[in-house]
1. Give the residue that is surrounded by the fewest Cβ atoms within 10 Å (Cβ to Cβ), with candidates limited to residues of region 116-139 that are farther than 21 Å from residue 14 by Cα and at pLDDT below 95.
2. Here are some residues: 135, 107. Which one is under 12 Å from residue 3 (Cβ atoms), touching a residue at least 24 places away in the same chain (Cβ under 8 Å) and touching a helix residue (DSSP H, G or I) at 6+ places or on another chain (Cβ under 7 Å)?
3. Would you point out which residue out of 190, 172 is in contact with a helix residue (DSSP H, G or I) (Cβ under 8 Å, 6 or more places away or on another chain) and free of Cβ contacts under 8 Å to residues at least 24 places away in the same chain?
4. Could you please find all residues in region 193-210 being without any contact (Cβ under 8 Å) to a residue 40 or more places away in the chain, surrounded by 11 or more Cβ atoms within 10 Å (Cβ to Cβ) and either touching a helix residue (DSSP H, G or I) at 6+ places or on another chain (Cβ under 6 Å) or not in a loop (DSSP other than H, G, I, E, B) (or both)?
5. Only one of (1) closer than 30 Å to residue 159 by Cα; (2) crowded, with 17+ Cβ neighbours inside 10 Å; (3) within 16 Å of the ligand (Cβ to nearest atom) fails for residue 47. Which number is that?
6. Looking only at region 23-44, count how many residues are more than 9 Å from the ligand (Cβ to nearest atom), in contact (Cβ under 8 Å) with a residue 24 or more places away in the chain, farther than 14 Å from residue 94 by Cβ and outside any loop (DSSP other than H, G, I, E, B).
7. If we scan region 145-155, do we find a residue that is in contact (Cβ under 8 Å) with a residue 12 or more places away in the chain and farther than 30 Å from residue 24 by Cβ?
Ligand code: BEZ
């Protein structure tokens, strides 16, 4: 199933390293990152799972839960978790789905047969409080993801969900933002006093959230 931005994230139940989980119930009314790994006991995945475990507090500060997926069984995940700890110094501290029948991988279109017909690619879905998909990313198996970038995107998504702004290239939390084109200059003057017009369609203002 191809999932696009704005689609409702499909629900599922799964066996995970933290027990059986009903995904949407587990997610609740917060944010979630669902991300897939090609295979257990592979080097790039090992570094990724350790890196995300090290960012637990950063995701929690954004009211965002994280859940991984690999198409191997639970006993394999449990053995691999020890390696992740050994190598990265971080204990696996979020659920890792055992998707050995590939049901969830297929549901979320994580297997791209022209890349590999059994392993998942490195998919990422960021899902909002309304259960809608806010971001999708697809990386090849050979490239580890940048999880600081996911935190940056979550900051942008959370800011733009509640303020009429967008965030420019390479934006980081606290930096100036762009006033949404749908806001008239008159409205902007009230809501963002002192905004700067760089072009009629590009108006900049300090971030409403510091
Ligand atoms: C890895 O995680 O290191 C990996 C997995 C599948 C293919 C290539 C690399």
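1. Among those residues, the one meeting the criterion is 117.
2. Testing whether each residue is under 12 Å from residue 3 (Cβ atoms), touching a residue at least 24 places away in the same chain (Cβ under 8 Å) and touching a helix residue (DSSP H, G or I) at 6+ places or on another chain (Cβ under 7 Å) leaves just 135.
3. The unique qualifying residue is 172.
4. The answer is 195, 196, 197, 202, 203, 204.
5. So residue 47 meets the others, but not (2).
6. 1
7. No, region 145-155 contains no residue that is in contact (Cβ under 8 Å) with a residue 12 or more places away in the chain and farther than 30 Å from residue 24 by Cβ.
The values are calculated or read from the model by the stated rules, or taken from the named source; none is laboratory data. On a predicted model such as this, the values are computed, not experimentally measured, just so you know. Note that we place each Cβ from the backbone using ideal geometry, even for glycine, and neighbour counts take in every protein chain shown.
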